[in-house]
């Protein structure tokens with residue numbers, strides 16, 4: 001057996017739902033406000049994973065314009081039956097205060113690559129839907145039920161209702177089959193049939209440090225469900241030193257030879273504040289599940305392990321480097337944009353072949369009309385470089401390289417116009433709704449020509465740099481606190497954050513000038529140990545590479 005380091009999908013890949021079809025495994029993960037919706041990865045060995053594509057790729061399937069940060073597409077649940085891929089998910093339009101404004105949908109496809117159907121609306125009673133295919137061919141929808149009434153448990157149990165696909169509708173009344181345990185916040189249900197029992201797997205404890213995977217079972221579909229005597233199956237709640245924290249929201253899969261695995265979300269915090277800027281990631285645990293008995297972690301205990309044993313294969317790191325020369329007329333699938341599909345009016349790969357052309361629209365604070373293309377940050381130690389051609393006419397036009405979490409949390413190196421003409425580099429940072437510029441004055445740039453923008457992430461620190469006209473690369477501003485770009489920092493401000501950090505190319509134009517920003521190359525390279533489980537152990541102080549230390 002080979003040891004595969006966790007997480008298997010580093011960076012922003014939360015809420016994994018795993019399924020096997022023949023000899024292939026597929027994992028669906030949440031995308032929230034990012035477009036396209038729902039990422040699918042595939043593997044033949046559980047060790048090496050590739051991006052297979054996305055599910056929600058057409059305006060007829062999804063419109064996220066105006067949706068709040070961390071709203072949008074939650075908790076996809078992927079299954080396969082009758083020769084069809086089935087995928088349920090929540091589209092969350094608002095979750096402030098007591099309300100959860102959400103609708104659950106189903107889409108289907110004959111192939112994992114799609115095209116996937118237009119969404120079939122299911123219900124709005126709560127979130128995290130999943131579809132269970134029973135042995136008799138009947139199909140059952142499960143979801144978390146939300147109770148907005150004062151003084152009630154808002155996580156009001158897991159409900160079950162029959163789904164009739166020929167009519168594209170639900171039948172009968174929903175029935176509460178599981179109220180949850182003392183861990184609370186019961187959500188993320190998945191149902192499995194094994195050895196004469198229905199096994200219900202749920203997420204509990206909330207999405208923070210107390211997160212967990214709970215297992216219950218019943219001999220009848222509608223219950224009552226008995227909770228496993230060793231519950232929870234998985235949690236890192238009482239192990240602050242564990243590499244994988246916030247472990248929960250899991251789903252099961254069986255191999256062809258009868259071995260079982262649990263895919264679950266986790267995070268890897270850094271620093272004194274224990275912040276996880278890579279967001280919620282996907283990990284894998286081996287499960288021991290003898291006939292008639294309860295499932296347990298094969299390695300013992302209930303704390304997630306930093307590596308998992310799979311078949312005798314050679315595991316490779318997940319995407320340790322990525323380069324885009326923008327030579328294709330369509331955007332590489334590893335890019336994501338915010339809330340809406342790319343349109344030629346603001347993102348073009350054909351107007352100037354070999355360049356990604358962005359025309360600026362609203363600011364980074366907007367929940368609509370952002371001209372931004374982002375790549376997930378996958379490693380705690382990495383370097384990013386792009387080359388920008390941009391001739392702004394005033395301070396109202398900007399373009400550049402941004403490390404972006406959401407509309408309140410970002411670090412942005414921007415090229416903008418100067419009063420009286422010319423160009424300059426500026427830094428703009430956002431934290432908890434406070435926006436500030438670390439530089440006392442902009443760095444004057446050559447009047448014309450391309451500018452290379454660079455950033456180096458060294459664990460908790462982020463350093464920007466630049467070069468132009470054949471000059472050596474030189475730093476811009478101080479080493480910035482990269483941990484501000486995290487769920488944890490957002491939640492410290494009493495808001496919700498469920499996503500992860502992106503490095504993005506972007507442009508803004510409050511003068512509606514239409515001046516294009518042309519990016520002719522983007523490169524991402526993991527600079528620390530690229531094995532995901534090793535990378536996060538090294539919590540070093542920010543340190544500049546030799547390339548950045550070079551002086552003019």
For this session: Report relative contact order for the chain in percent, whole number only (criteria: Cα-Cα under 8 Å, sequence separation at least 6).
Result: 15
For this session: Alpha carbons only, please: Rg and Dmax for the chain, in angstrom.
Result: 23.6, 78
For this session: Return 277, 1, 491 ranked ascending by Cβ neighbour count within 10 Å, so the fewest neighbours appear first.
Result: 1, 491, 277
Problem set entry | Percentage of interatomic Cα-Cα distances in the stretch 274-318 larger than 17 Å | 52
For this session: Using just the alpha carbons, could you tell me how many Å³ per residue the convex hull of the stretch 2-310 encloses?
Result: 135
Exercise. By per-residue mean of other Cβ atoms within 10 Å, what is the highest-first order of 197-208, 310-321, 386-397?
Worked result: 197-208, 386-397, 310-321
Exercise. Using mean Cβ contacts within 10 Å as the protection proxy, how do 499-509, 414-424 order, highest first?
Worked result: 499-509, 414-424
Seminar exercise, completed: Between residue 60 and residue 325, the FRET efficiency computed from the C-beta separation at R0 = 41 Å comes out, to the nearest 0.05, as 0.80
Seminar exercise, completed: On the formula 1/(1 + (r/R0)^6), with r taken between the Cβ atoms of residue 98 and residue 314 and R0 of 41 Å, the FRET efficiency rounded to 0.05 is 0.20
Exercise. Taking N as the number of residues in the stretch 321-549, what is its alpha-carbon radius of gyration divided by 2.2 N^0.38 Å?
Worked result: 0.96
Seminar exercise, completed: Taking only C-alpha positions in the stretch 214-321, Rg and Dmax in angstrom work out to 15.6, 50
Seminar exercise, completed: When 375, 12, 464, 368 are ranked with the fewest other C-beta atoms within 10 Å first, the list becomes 368, 375, 464, 12
For this session: Would you please state which residues of the stretch 65-105 a label at residue 111 would reach in this model, taking the label point 7 Å out along Cα→Cβ and a backbone N cut-off of under 17 Å?
Result: 83-86
Seminar exercise, completed: Of 402-413, 510-521, ordering from highest average Cβ density within 10 Å down gives 402-413, 510-521
Exercise. Mean 1/r over all different Cα pairs, inverted: what Kirkwood radius does the stretch 53-134 give, in Å?
Worked result: 13.3
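Laboratory data are not the source of any read-out in this text; all were calculated from the coordinates shown. Bear in mind that the values here come from a model prediction, so they are computed numbers and not experimental data. Glycine gets a Cβ as well: all are built from the backbone with ideal geometry, and neighbour counts include every protein chain shown.
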